[in-house]
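Here the structure comes first, spelled out in structure tokens, and everything after it is commentary.
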Amino acid sequence: MGILGNKMSDQYNGAALVGMCGKECVAIACDTRLGVQLRTIDTNFNKVFKVNDRTMIGLTGLATDIQTVSAKLHKEEKVYRLEEGETLTASMFANFVSHFLYKQRFAPYIVTPIVAGLDYDSITKEWKPVMAGYDLIGCMDQNNTFAVGGTCSELLYGACESFYKEGMGPDEIFEVISQALLTSMDRDILSGWGANVYILTPTQLITKKLLTRVDQQLFQYSNLLSVKKKKKKKKK
């Protein structure tokens, strides 16, 4: 199951996902393509989900498992909030995701999550970034730099190591994460068709959309051809 799961997760639907930490901010960027291997099914598939005002999660893998896991995690977060009367911190949610995936280790969800969020440090009076990546059964890799996932994860590693630097603000982290994602997706046929960038600060969640390669031009060109064909049919 592990070999099959890794193969399906890496190759079946295709995806590109990267998270980065900055100074009192975090960012997640992902492509918007949903495909079945080389065939494109959708060009606006959501892979990043807001957990609460201080936490986000990005998911790559099988589309069905992405939707299932995001819905179950959202439900568990709501139950915790109702029972405890408080919201999960980013660090708590990161550990909860690890536990959630490990419970399914004998029949794992084919997803590779990235959790990004902000935790308030009462000693330094600053918001500290939280970044965690996982494998299929919840083994957590938590660091204060960046995390990658999807079919072009190897390419993203190289780009992030080249572009990343500490202490970036919201504007700078947007430029860096965008360049890393675009550079990597240009060399991966299973991801693309635009990208979304989510930047979380202590006061707001900023969402920006990127155009990638010539996918948008091809999409407009195909629409133009379909309109011309319809006009020809009407004339006949």
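The values are calculated or read from the model by the stated rules, or taken from the named source; none is laboratory data. Because the structure is predicted, anything quoted here is derived from the model rather than measured. FYI the Cβ positions are ideal-geometry reconstructions off the backbone, even for glycines, and counts take in every protein chain you see. Please note that ligands, DNA and RNA were not included when accessible areas were found on the heavy atoms of the full protein model with its side chains. Shrake-Rupley method; radii C 1.70, N 1.55, O 1.52, S 1.80 Å.
Just a few scattered comments:
- Per-residue ³J(HN,Hα) for segment 17-31, Karplus 6.51 cos²θ - 1.76 cosθ + 1.60, θ = phi - 60°, Hz, x for Gly and Pro: 9, 8, x, 9, 9, x, 7, 6, 7, 9, 9, 10, 10, 8, 7
- Shape call, segment 153-204: gyration tensor on alpha carbons, a/c limit 1.5: oblate
- Per-residue HN-Hα couplings for segment 50-62 [Karplus 6.51, -1.76, 1.60; θ = phi - 60°; Hz; x = Gly/Pro]: 7, 8, 7, 5, 10, 9, 10, 9, x, 10, 10, x, 5
- Kirkwood analysis of the Cα pair distances in segment 1-133 returns a hydrodynamic radius of 15.7 Å.
- Average Cα contact separation per residue, segment 116-208, under 8 Å, 6 or more apart, as relative contact order %: 21 percent
- Entries in Lys23/Lys75; Lys50/Lys75; Lys23/Lys103; Lys75/Lys103; Lys47/Lys209; Lys47/Lys72 that, when Cα-Cα distance is taken, lie over 22 Å: Lys23/Lys75; Lys23/Lys103
- Couplings 3J(HN,Hα) for segment 104-112, derived from phi with the Karplus relation 6.51 cos²θ - 1.76 cosθ + 1.60 (θ = phi - 60°), are 9, 5, 7, 9, x, 6, 8, 9, 10 Hz, where x marks Gly and Pro.
- Convex hull volume per residue, computed on the Cα atoms of the chain, equals 146 Å³.
- Ligands, DNA and RNA excluded, the heavy atoms of Leu82 present near 150 Å² of accessible surface to a 1.4 Å solvent probe.
- Take the Cβ atoms of Arg39 and Tyr157, set R0 to 45 Å, and the FRET efficiency comes out at 0.95.
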